[in-house]
Every structure is written in C-alpha cells, then in structure tokens.
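To keep things clear, I will list the structure first and then write my remarks on it.
The values are calculated or read from the model by the stated rules, or taken from the named source; none is laboratory data. Keep in mind that what you see is a predicted model, and the values were worked out from it rather than measured. Note that each Cβ is placed from the backbone with ideal geometry, even for glycine, and that neighbours are counted across all protein chains shown.
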Amino acid sequence: MKKTALPAIAALAAVLSALMALSACQTMESAAQIATTIGQGAGVITGAQADSIRKSARAVARSAEEFTPEQEYYIGRTVGAVVLTRYKAYDQAAVNRYVNTLGQTLAQASDLPSIFGGYHFLVLNSDDINAFATPSGLVFVTRGLLRCCRSEEALAAVLAHEIGHIQLRHGMQAIEKARVTEALTTLAAEGAKTLGSDQVASLTQTFEGAIADITSSLINNGYARTSEYEADRAAVALLRRVGYDPNGLIEMLTVMGRNLKPGGYDFSKTHPAPKDRIAELRKEGLWMAAVQTTTTRQQRFQQALGRI
C-alpha cells in the first residue's frame, strides 16, 4: 500500500468508527457517504465497495429504529420456525386446546392483551423441561415441563411467565441489542483495515445473517437472569389479577428443581436455578404453601393433562 493512502485510510476509519456513537438514520447515512467519498477519492476503495459500505450503513441505521408490530411478528415467526425444527409439536388436540384456552385467558388479562397476529400456545412433544416465548406471541411448552405442574395454578404460572417475557419485550430487546452491536462492531473493525472486497462482503454478510444467529442464541442461551426475574414478577401480578393462586409458581419451581438434571440442555441451561427464582419470589411475599384451588379446576386439569 502506498504511504500517501494512509491519511485517507485513517480518515475513513475515523468516520466509520464515529458511527458507533450515532443513532439517527440520516446522520449515519451521511457519515457513511462522507467516508466512502474520501475512500474513493484516495483510491482506497472501489465504487462497488463504497456501495456495499453505504448499504451496510443503511442497514445498521434501520436496526436502531423501533420495530413495527409487523416486523416483530415475522421475527417471532422465524424464532418459532427454528423451535419447530428442533422439537415436534404434540399431536393431541385436547391437550393443546386446554393449554390454549388457559393461555388466551391469561394473555387477555395481561398488560399486552392485543398484539399483531395474536397469541398462540403449543405443546411440544419432548421430555425436556423447557418453554419458549417469541416476540410475536408464540408460546411453546414441552410435555416435560407440563409434568412439573401439579395443578392448573402451576400451569397458569408457566404460561404467565412466558407471557411476561412477551409483554416486557425481552426477546425484541435482545434482538435489537445484538443486531446493533454486531453490525457496528464489524463496521468499526473493518474501518481500521483497507476495506478490501472480501472484508466488505464479510461485513454485509455479518449483518444480513445476524437475525438467524440471534434466533439460535435465544433458544440455546435463554434470556438474562434479570429478565427471568422480571417475567416471574409479571407472572405473579397476572395470576393475582385473574384469580389464580400465585403459589402455583412456587409449586411448579419446586417440582422442577427435583426433576432437572445438572448440566442439562433444557430449563437448567436457559433459566436461573429454581431455588434462585424461589428466593426472588420470596421478596414478593410468596412462600411455599399448599396451592388453593377449586375442585372444578383440578378436575379440568387432570382430565386434560392427567396422561401427559
């Protein structure tokens, strides 16, 4: 590389790195325009490379904007599609109908009763103890987790927890952060290089593949510990609002704690330990106590899930 090109490269890197501190779409695209003009003028990058950089800058700018309900819906469907490549749906209409009826009742009483596409609940045919909630209102719960429920209150607690994730937008928060961080980090790193065609192509590919990577990350790693505690608190509030005994959550976590296998790839990997969640719930005034339910509820629960 010629020495005369070094100042231009430094200027280009400085402008691209400055994008890290910007959020307005117009400002980011303007900065990218300036950077690529300098690079082209100095002969550091070609016109095609400049177009790729501007395309990436526009993509990053869009990632900082608030998602529309329609975008959340399709992102959530992508997450749901990945879940269903790993788990098969449980083909028992009566079980799914019961879980859906209970889930819809809870969702309509939540802080976010109406979302684009509505709420949908599905049982997964797996012995794993796990549950997933996508941004679009898709809630998945495994047979293994249903077996940890001894009452309708406990099942309601499971579904209310997942609804809590949705109404608090934990999935979208994780996606937004990952999209912006990954794309901007790549821009900053590549800005310090010569920005050859391979690097620019890699930059564009990194951003375009981010959502698929994040989808996998959400399923494998779960939400942050603080998000899980927030979802538990939201579940307690929702259960009380509907008229369910929130001790059902303590009951379910206690049973789960006995059934989880250390080092497993299910709930134990994607959630805080049940004992830690119970300790947090005690701060909300919940203690291990017999769940107060009705005969009708328990009969309904046993009829639907007694053979799960």
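Key figures for this structure:
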| item | result |
| --- | --- |
| Residue list for the range 274-288, restricted to those being aliphatic (A, V, I, L, M), surrounded by 15 or more Cβ atoms within 10 Å (Cβ to Cβ) and within 26 Å of the chain's Cα centre (by Cα) | I278, L281 |
| Residue within the range 128-144 that is in a loop (DSSP other than H, G, I, E, B) and basic (K, R) present | no |
| Any hit, the range 53-70, residues being crowded, with 16+ Cβ neighbours inside 10 Å, modelled with pLDDT of 70 or more and either assigned to a helix (DSSP H, G or I) or not basic (K, R) (or both) | no |
| Residue among N130, N125, N96, N100 that alone is more than 15 Å from M172 (Cβ to Cβ), polar (S, T, N, Q) and within 17 Å of the chain's Cα centre (by Cα) | N130 |
| Those residues of the range 111-129 which are surrounded by 22 or more Cβ atoms within 10 Å (Cβ to Cβ) and touching a Lys or Arg at 6+ places or on another chain (Cβ under 9 Å), in sequence order | V123, L124, I129 |
| The range 96-127: number of residues that are under 16 Å from A156 (Cα atoms) and part of a strand (DSSP E or B) | 4 |
| So E251, is it touching a helix residue (DSSP H, G or I) at 6+ places or on another chain (Cβ under 8 Å), buried (at least 21 other Cβ atoms within 10 Å of the Cβ) and at pLDDT 90 or above | yes |
| Exclusive hit being surrounded by fewer than 24 Cβ atoms within 10 Å (Cβ to Cβ), modelled with pLDDT of 55 or more and either not charged (D, E, K, R) or not assigned by TED's automatic domain parsing to the domain that holds D245 (or both), set A178, A210, A188 | A178 |
| Of the criteria (1) within 30 Å of A81 (Cα to Cα); (2) in contact with a Ser or Thr (Cβ under 7 Å, 6 or more places away or on another chain); (3) aliphatic (A, V, I, L, M), which one V291 fails | (1) |
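Here is a yes/no grid of residues against (1) crowded, with 24+ Cβ neighbours inside 10 Å; (2) at pLDDT below 60; (3) in contact with a Cys (Cβ under 6 Å, 6 or more places away or on another chain); (4) assigned by TED's automatic domain parsing to the domain that holds Q299:
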site	(1), (2), (3), (4)
V139	yes, no, no, yes
C148	no, no, no, yes
A156	yes, no, no, yes
L159	yes, no, no, yes
I166	yes, no, no, yes
L195	yes, yes, no, no
